[in-house]
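Scroll down for the structure; my scribbles are underneath it.
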Amino acid sequence: MTSATVRPVAVKIDADIKARVKRLADARHRTPHWLMREAIEQYVEREEKREAFRQDGIKAWEAYQRTGLHATADEADAWLTQLEQGQDAEPPECHV
């Protein structure tokens, strides 16, 4: 990241959170600024993954509604049991 792309942003936090951030930053031998940037970066990455997972679920549901293709819970459980036992099993075939 270049300094030309970094822009300051004001975030209002209460005194308790500010003090907790300061204590944690001191314990980690980091600045509160570094700690807050790291926290925001990790939060955004985690939430982007959660949103991608949610979108995948929506797409899967829409595909099921269009086609009716599915695997039953019993079929999925049997496949997962094989994987847990160390077998290199193929996932069950989708069907109507």
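Tabulated values for the structure
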{"quantity": "Theoretical FRET efficiency, 1/(1+(r/R0)^6), r = Cβ-Cβ of GLN87 and ALA39, R0 30 Å, to 0.05", "calculated": "0.15"}
{"quantity": "Helical contribution to [θ] at 222 nm, DSSP H n ≥ 4, -39,500 (n - 2.57), averaged over the chain, rounded to 500", "calculated": "-22000 deg cm²/dmol"}
{"quantity": "Lysine pair count for the chain [Cα-Cα under 28 Å; pairs on different chains or 8 or more apart]", "calculated": "4"}
{"quantity": "Under 12 Å, Cβ to Cβ, from VAL11 - net charge with Lys/Arg +1 and Asp/Glu -1", "calculated": "+2"}
{"quantity": "Calculated from backbone phi, Karplus (6.51, -1.76, 1.60) coupling profile of region 45-57 in Hz, x at Gly/Pro", "calculated": "4, 4, 5, 5, 5, 4, 5, 4, 4, 4, 5, 4, x"}
{"quantity": "Fewest-first ranking of LEU35, LEU83, using other Cβ atoms within 10 Å as the exposure measure", "calculated": "LEU83, LEU35"}
{"quantity": "Of VAL21, VAL11, VAL44, the one that fluctuates the most in a GNM where the chain has Cα springs shorter than 10 Å", "calculated": "VAL11"}
{"quantity": "Correct choice for semi-axes √(5λ) of the Cα gyration tensor in Å that was computed from the model, options (1) 25, 16, 12; (2) 46, 19, 13; (3) 29, 13, 10", "calculated": "(2)"}
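None of the figures in this text is laboratory data; all of them are computed from the coordinates on show. Keep in mind it's a predicted model, so treat the numbers as computed, not measured. All Cβ positions, even for glycine, are placed from backbone atoms using ideal geometry, and neighbour counts span all protein chains on display.
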